[in-house]
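What follows is a short report on a single structure.
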Amino acid sequence: MIVEQIMNTQVYTLELTNTIGDAVRLMREKNIRHIPIVNNTNEVVGIVTEHDIKNASSSTLLEKSNSDYFDIPIENIMVNNPIIGHPLDFVEEVALTFYDSKISCLPIVSGGELVGIVTTTDLLYTYIELTGAHKPGSKIDIRVTDKVGILHDITKVFSKYKVNVLSVLVYPDSENDKNRILSIRLQVINPLAIIEDLRKEGFDVLWPNVPGIRS
Amino acid sequence: MKNAVFIYSPDQLGYKFSDSHPFNHKRLTLTMDLLKNIGALSDDDIVPARTATDEEIALAHDHQYIEIVKKAGRGELTSQQGENFGIGTEDTPMFQNMHEASALLVGGTLQAVDYVLQGKSRHALNLGGGLHHGFRGRASGFCIYNDSSVAIRYIQEKYGLRVLYVDTDAHHGDGVQWAFYDDPNVCTLSIHETGRYLFPGTGNITERGNGQGYGTSFNFPIDAFTEDDSFLEIYEQAMREVFEFFKPDVVLTQNGADAHYFDPLTHLYGSMNIYKEIPKLAHKLAHEYCEGRWIAVGGGGYDIWRVVPRAWSMIWTEMNDLPCPTGPLPQQWLERWQGESPVPFIPTWEDPNPLYEAIPRKAEIEEKNAQMLKKALHMIRNEKRS
């Protein structure tokens, strides 16, 4: 999945001449936490987050009156030349950038212009879509050895029962790094026969998978 | 007025996918025979199911889908044609006259509705119904037509009442929930094993309804290995607070009996205790809020020998203000059916104690469920305070 498939293209921006007051209002009105700052050619020159605004307020409150604070130009508190992303970036890369750089938003730039924005909220939504249920199905986890052909052996059983696979996730096994946990959603209410077949073929089916409890 | 009627026709047993399929309405025969054996059910109590008309089924299903089911039942549907409608799958294979059999289960629930809402009996029980996974245009999870969805629409159109639907099947009552997700006059309450482990995967506490219906959908997903005490704590709190919040005119309960430790399809660790308490509280609250108007249907339940007959009998005895049966099961019933049962019966109404080996993470599971309950009821608790 690439960034252009999940980014918001309706981006709320401000310019260098806008004030903290403008930013506070825009955040409240649009229920957002990040505002890219652009110049007159829609090029990203900075970013202001809710966090920057809160920081600025605590350092200035004692010396200046409230109205002065709101009049401060955004330029004074924004982060200059923020990390940016490209529409063709992979979603996984964005997640890694957020995690590594401890940031929570990425303005997406193409041809020198701001074309979208991705935030942690968008990434979380993608995660929900990947791991959630969109069609009725049963989830079974299978502990497998990490070797060639395993997935094929397993899906052969599903196909024998004419059962549709809704999603497949592969997790590391916390107990043994030579194993993987396959988490598979099947469009079936009764996976008993399938589980029995898998176990007969020597697979370790965890149904359900609660560490510390064997059913 | 009669306390309760028992809806049943022998033809309801025609809802049968195959001999080896886990959904098996022999449960109805076993339950009735058990009730007759203890003298709790007489022929005067039994009202035959009727067949729901196409128009009635169409209250909750697409006409096109009804035609597909009819074709499948006549052997005129290829598996490819059925696939898009969930027909001819591992869960819902085609069988002869599947439309007629399904329409009879729906009609049974409508019959139950009419008996209660026309004042012919206070309560009514259709154990053949409770097929809560059926969707508007698709069969799912052993369910072809969704009798509860049809019945609720029928109640709205014919009687104009506010309905509370309570689902204690171990699987989430997704079909009924989605059918009334936007409707503020129908409240759905489902307690089920978390979708992280069990079909259908939905039923999260965040599923609260939509638009006008926001706030009238309640989900209580409990953890795998949940035992009696935790199950009943969730059930009692959820029931009392949702009844008080929604103040229904009539309550329809779905009584799947698959949260039991013996059930092969689920991972909950309930015992016969929960099946004793579930109808008791439903009955009490139906009198407190709905002048007694309570319709109960069946649902899941895949240990048809050791669990379902005992569990479902307790709904009927409760409806009739009979004491909950205790002690040994009638010898005659045990002898009659033991030969057919692949497992030895539990010879008493109560389960043996202990029923299973102790659960290693019991306290954490209880804690997690209690936390879930708090979150799920947060909105109505807040509203009450303000």
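(1) away from chain B (no Cβ under 14 Å); (2) aliphatic (A, V, I, L, M); (3) in contact with a strand residue (DSSP E or B) (Cβ under 7 Å, 6 or more places away or on another chain): which one isn't true of residue A:140, the others all being true?
(1)
For the range B:20-40: of the residues being closer than 20 Å to residue B:105 by Cα, away from chain A (no Cβ under 14 Å) and not polar (S, T, N, Q), which is surrounded by the fewest Cβ atoms within 10 Å (Cβ to Cβ)? Step through it out loud before you land on a result.
First, the residues of the range B:20-40 that are closer than 20 Å to residue B:105 by Cα: B:21-33.
With away from chain A (no Cβ under 14 Å) added as a condition, the list becomes B:25-33.
Still in the list and also not polar (S, T, N, Q): B:25-28, B:30, B:32-33.
Details: B:25: 18, B:26: 15, B:27: 24, B:28: 23, B:30: 23, B:32: 19, B:33: 17.
Applying the filter and picking the extreme gives B:26.
Just a yes or no: is a residue in the range B:20-29 under 30 Å from residue B:115 (Cα atoms), among the aromatic types (Phe, Trp, Tyr) and in a helix (DSSP H, G or I)?
Within the range B:20-29, not a single residue is under 30 Å from residue B:115 (Cα atoms), among the aromatic types (Phe, Trp, Tyr) and in a helix (DSSP H, G or I).
In a loop (DSSP other than H, G, I, E, B), under 25 Å from the mean Cα position of the chain (by Cα) and surrounded by 13 or more Cβ atoms within 10 Å (Cβ to Cβ): is that true of residue B:325 in this structure?
yes
For the range B:234-256, check the following and say yes or no: at least one residue is more than 11 Å from chain A (Cβ to nearest Cβ), under 22 Å from residue B:140 (Cα atoms), without any contact (Cβ under 8 Å) to a residue 60 or more places away in the chain and β-branched (Val, Ile, Thr).
no
Would you be able to tell me the number of residues in the range B:177-233 that are among the polar types (S, T, N, Q), more than 14 Å from chain A (Cβ to nearest Cβ), buried (at least 20 other Cβ atoms within 10 Å of the Cβ) and assigned to a loop (DSSP other than H, G, I, E, B)?
Of the residues in that region, 1 qualify.
Tell me whether the range B:128-136 contains one or more residues that are within 13 Å of residue B:175 (Cβ to Cβ), in contact (Cβ under 8 Å) with a residue 24 or more places away in the chain, more than 14 Å from chain A (Cβ to nearest Cβ) and basic (Lys, Arg).
no
Tally the residues that are in a helix (DSSP H, G or I) and within 14 Å of chain B (Cβ to nearest Cβ), restricting the search to the range A:200-215.
0
So residue A:160 ticks every box in (1) in contact with a Lys or Arg (Cβ under 8 Å, 6 or more places away or on another chain); (2) at pLDDT 90 or above; (3) within 14 Å of chain B (Cβ to nearest Cβ); (4) surrounded by fewer than 13 Cβ atoms within 10 Å (Cβ to Cβ) but one. Which box is left unticked?
(1)
Could you list, in sequence order, the residues of the range A:163-198 that are charged (D, E, K, R), within 14 Å of chain B (Cβ to nearest Cβ) and exposed (fewer than 14 other Cβ atoms within 10 Å of the Cβ)?
Step one: of the range A:163-198, the residues charged (D, E, K, R) are A:173, A:175, A:177-178, A:180, A:185, A:196-197.
Narrowing the set further to residues that are within 14 Å of chain B (Cβ to nearest Cβ) leaves A:185, A:196-197.
Correct list: A:196 only.
The values are calculated or read from the model by the stated rules, or taken from the named source; none is laboratory data. The structure presented is a predicted model; accordingly, all values stated were derived computationally and were not measured. Counting neighbours? That spans all protein chains shown, and the Cβs are built from the backbone with ideal geometry, glycine included.
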